[in-house]
1. Classify the stretch 217-340 as rounded, prolate or oblate, taking a ≥ b ≥ c as the square roots of the eigenvalues of its Cα gyration tensor: rounded when a/c is under 1.5, otherwise prolate if a/b is larger than b/c and oblate if not.
2. Filter the cross-link list 158/260; 38/269; 260/332; 23/241; 26/331; 23/144 down to pairs whose alpha-carbon distance in this structure exceeds 31 Å.
3. Can you pull the one-decimal nm distance between simple spin-label points at residue 153 and residue 53, each 7 Å off the Cα toward Cβ?
4. In the stretch 176-253, what trypsin sites (Lys or Arg not before Pro) fall in a loop by DSSP, with at most 14 other Cβ atoms inside 10 Å?
5. Check which residues have an amide H placed less than 5 Å from residue 62's amide H, if you skip close sequence neighbours.
6. Relative contact order (percent) for the chain, with alpha-carbon contacts under 8 angstrom and 6 or more residues of separation?
7. Please give the FRET efficiency for residue 83 paired with residue 233, using the beta carbon to beta carbon distance and R0 = 45 Å, rounded to the nearest 0.05.
8. Return the calculated 222 nm mean residue ellipticity for the chain, to the nearest 500 deg cm²/dmol, obtained by summing -39500 (n - 2.57) across DSSP H runs with n ≥ 4 and dividing by the residue count.
Amino acid sequence: MAPQPQHIKRDESYRDSISTVDKDGKRVWVYPKKPSGKFTRWRQWFGYGLLVLLFVGPFIRIGGEPLLMINLVERRFVFFGQVFWPQDFLIFVLGVLTFIIFVALFTVAFGRLFCGWACPQTVFMEMVFRRIEYAIEGDWKQQKALNNGPMTNAKIGKKTLKHVIFFTLSFLIGNLFLMYIIGSDEVFRIVREPMAQHWGGLLAMGVFSGAFYGNFAFFREQACTTVCPYGRLQGVLLDRKSIVIAYDHERGEARGLFRKGEDRSEAGKGDCISCSACVHVCPTGIDIRNGTQLECVNCTACIDACDHMMTSVGLPTGLIRYASEEEITDKKPFRFNSQG
């Protein structure tokens with residue numbers, strides 16, 4: 001995390017645990033406010049484009065072969081129409097090593113850009129399941145009130161509708177991923193033929209569907225904060241020149257509520273108006289003003305929320321933005337160079 005101005009005393013207690021676990025070790029359910037803004041729109045269009053590619057992928061053929069298939073049962077792997085067998089394992093290892101090196105180098109330069117924009121977990125959660133939840137249960141305050149309220153007929157109806165849709169989508173997603181393993185033709189054959197002939201395939205469909213339903217309906221951000229190793233690798237992959245979503249503490253501190261007509265510099269205040277808008281929209285429940293944290297998936301929701309508040313009170317946008325620690329602290333713009 002970037003060094004803070006000497007006159008600002010920081011509360012570092014947030015480092016003692018992740019944001020979604022309380023002092024008793026119990027989970028803190030996150031209710032993120034529905035995001036909106038420039039980056040949110042760009043991320044939605046990009047995410048929907050990825051979803052289209054994902055759903056049409058099993059049906060694309062190159063030279064009669066699928067675009068991508070990882071058939072562990074038959075040990076037959078297809079990448080962009082090219083078939084690989086177990087004896088081609090050396091090529092596979094080289095490909096995996098190349099991918100790992102690419103991920104490491106990309107993260108060093110651009111942080112967790114993949115997590116916020118292209119990771120299937122984020123795309124499905126934020127662009128599909130969360131959108132359905134907003135449509136049925138309302139925004140964050142309405143969701144929290146509904147969950148904490150009594151069990152009424154309206155609550156039962158909303159919860160039932162939401163989970164039926166969630167499971168239906170999970171079933172479709174489970175079948176989709178099964179197509180990437182055994183092929184779309186085989187999946188459709190299992191669907192058409194009698195159940196008694198394909199208990200194994202039906203069991204696989206059930207496992208996939210249940211796993212996706214449990215993940216998107218209940219596990220959610222825990223997949224990013226406690227399971228996925230990518231976030232925990234940030235500490236060794238990022239440096240002061242890495243581009244991350246960062247709070248400009250040099251400009252924002254000291255924080256203080258906005259008062260119309262007040263000269264904030266004379267009052268000893270920075271541009272942060274302590275509105276907590278960036279916290280309310282965060283899907284992992286963190287405060288980005290504390291600095292780079294393993295829970296941050298670089299989803300840009302806090303950028304849009306902060307820019308909206310800055311515009312509302314007549315202050316410059318960009319208090320939270322894509323930036324490196326070096327850019328904020330030393331006022332040096334990001335650039336590639338041979339010195340690293």
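Nothing in this text is a laboratory measurement; each read-out follows from the coordinates by a stated rule. Keep in mind that what you see is a predicted model, and the values were worked out from it rather than measured. We place every Cβ from the backbone using ideal geometry, glycine too, and count neighbours over all the protein chains shown.
1. Because a/c hits 1.5 or more and a/b fails to exceed b/c, the stretch 217-340 counts as oblate.
2. Violating the 31 Å limit, Cα to Cα: 158/260; 260/332; 23/241; 26/331.
3. It works out to 4.8 nm between the two label points.
4. Passing both the DSSP loop test and the Cβ count: 240.
5. Here the answer is 67, since their amide H atoms fall under 5 Å of that of residue 62.
6. That works out to 24 percent.
7. Working: r = 33 Å, r/R0 = 0.72.
With R0 = 45 Å, the Cβ-Cβ based efficiency is 0.85.
8. Taking each H run of at least 4 residues, the total per residue is -14000 deg cm²/dmol.
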